[in-house]
Amino acid sequence: MKCRLLYLLLLFKVSVGVALAQNTTDAVSENNTIVNVSTSSFSASTQTTTASSAGPYSTQSNTHYGTQQPTSTTTIKVSFPVPPPRTLFPEDGTKAECKKSVPTCEKLQKNSCLGSTLPYSHTSLALINDSNTQADVQNMLDLWAGLRHAPKCWDVIQPLLCAVYMPECNMSTSGNFVYLPGKELCVVTREPCRIVKSTRGWPAFLQCNNRHFVPGCSKEIPKMASNFSGTCELPLVETENENSWYSGVDGCGIQCTNPLFTEAEHTEVHTFIAVMGSLCLVCTLFTILTFVIDWKNASRYPALILFFINACFFIGSLGWMAQFFPGARTDIVCRSDGTMRKMEPQIGSGETASCSVVFFLVYYFNMAAVTWFIILTYSWHLTFSALGSARDAIEGKRGHFHLLAWTFPLVLTITCLALTQIDGDSLSGICFVGYLHNEYRAGFVLVPISLVVIVGFFFLIRGLVTLCRLQWTSPGLISSRASAKIRDTIIRLGVFASLALTCLTITLAVHLYIFTHEALWARSFHDYIV
């Protein structure tokens, strides 16, 4: 009797477990869990074993007597549903962080943005704070449209402005939202659009650290077909050469013709250079020929120094006159893309070396000429001081003269070329140092010429003083013929000193005027461009 009761109790427990498992199975959909239902036999002689048979859940009982059996376990596999991941707007599959809820969406009053057709019909003003209506948005976009004249900037800032000022707004059952622009869309505009930061600055809602710029969301912004590309506005011209780009306006360079001067002014200056250059060539050539004809008597110091001075000015004049050969001026001062040559020489740029060659002819030989001028005044000083003595004051110094006269200008010229500070100028028709950077003009032009004026005229005045003292203090020691020669020499040196001083002073004054005003001109030009 007792065994029967235990057997009935065991069957009841198994039936309850199977029913519970069946109800649980009807509710499951995904993840599987193992549930163990244990039954224990309290009989010392009975073992009940539950196993699977034909049906999903079935039991078989075997009764054994005389042996105590261990606890039997029934294992049931059940599954419990896992809720799907929560998304803000799950219906279109877009990442939740790439969207922002907005109160309302507005129908577009204009289906284009900065010349690009918008592929959607609604927008929102939720991302900006400088406009209250779509009309205000169009006014602000018209202001930003000025960047169309900076092509490299325009290519990257147009999508950003449209994504912020006129974002796509979507109306759905779960709420209204706009697509947020990616942070990458903002960061890529910083470098080519430096002109924005230097002029008006970026507004707060276009700062890349703003919360509505989310990394990785750029692909959520729809692609727009642009009907307008960026173009350069005169006096800038479009170029792909980064070395030609005007500061802050990537993709544009200054046109070859100097925009600060009119065409008529260019013609006047070119005519003046042609006349004065021709005159200089004729005069220096005539002087050189006189020395060549009577070389035996003329090749003595200090007279021979005049030959070297004229030879240097003659070669320098050839550099000035080279621009008047057909097509030469354009090749000298312009690059192949139509922009002004600057920061030459550019090794490997594919441009001709005409700019550097003309610079060498003009700068090197002019610096050599003024160096010889210092040597000439020093030689005169030595010669006049040695009057009345049998010694040759210049003997043994000729090698030093040549070393100084040819080496010092060469060092300056090589330094200019190494610093790539040679610029072309359509007004003068040559390439020269420091046209665009005043500090190089000061260091390589103003300082050497100032030294020439100071040192040269120091020795020249001392030589004149020596002659005058000799003329006035020793009238009985020199013959009347020698006295007449000294008087003629004083007059010639006075005329020469006056002419040389006048030319050098004019040259120095012109360079000083350009040096002091060029920054103002450059600033005015920059303000006009931007």
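The values are calculated or read from the model by the stated rules, or taken from the named source; none is laboratory data. Only a predicted model underlies this, so the values are computations on that prediction, with no experimental measurement involved. Every residue, glycine among them, receives a Cβ derived from its backbone with ideal geometry; neighbour counts consider all protein chains shown. For accessibility, only protein heavy atoms count, side chains too; no ligands or nucleic acids. Shrake-Rupley method; radii C 1.70, N 1.55, O 1.52, S 1.80 Å.
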* If you take the residues of the range 232-250 that are among the polar types (S, T, N, Q) and more than 16 Å from CYS193 (Cβ to Cβ), which of them is modelled with the highest pLDDT? -> THR239
* Looking only at residues in the range 471-500 that are aliphatic (A, V, I, L, M) and modelled with pLDDT under 75, which one is farthest from ASN258 (Cα to Cα)? -> LEU477
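Results for (1) touching a Lys or Arg at 6+ places or on another chain (Cβ under 8 Å); (2) at pLDDT below 85; (3) open to solvent by less than 70 Å² (accessible area, probe 1.4 Å), shown as yes or no for each residue.
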site: GLU91; (1), (2), (3): no, yes, no
site: LYS95; (1), (2), (3): no, yes, no
site: LYS99; (1), (2), (3): no, yes, yes
site: THR104; (1), (2), (3): no, no, no
site: ALA135; (1), (2), (3): no, no, yes
* Are there any pairs with C-beta distances below 6 angstrom linking a residue in the range 490-508 that is in a helix (DSSP H, G or I) to a residue that is surrounded by 17 or more Cβ atoms within 10 Å (Cβ to Cβ), with the two at least 6 apart or on different chains, and if so which? -> ILE490/LEU467; LEU493/LEU464; ALA497/LEU460; LEU504/VAL453; LEU508/ILE449
* Take the range 443-458 and flag every residue that is of a type outside the set (Ser, Thr, Tyr), at pLDDT 85 or above and open to solvent by 20 Å² or more (accessible area, probe 1.4 Å). => GLY443, PHE444, VAL447, LEU451, ILE454, VAL455, PHE458
* Out of LEU404, LEU436, LEU410, sole residue that is open to solvent by 30 Å² or more (accessible area, probe 1.4 Å), part of a helix (DSSP H, G or I) and either within 23 Å of MET321 (Cα to Cα) or without any contact (Cβ under 8 Å) to a residue 24 or more places away in the chain (or both) -> LEU410
* Structure fact -> ARG211: passes all of (1) part of a loop (DSSP other than H, G, I, E, B); (2) touching a helix residue (DSSP H, G or I) at 6+ places or on another chain (Cβ under 8 Å) but (2)
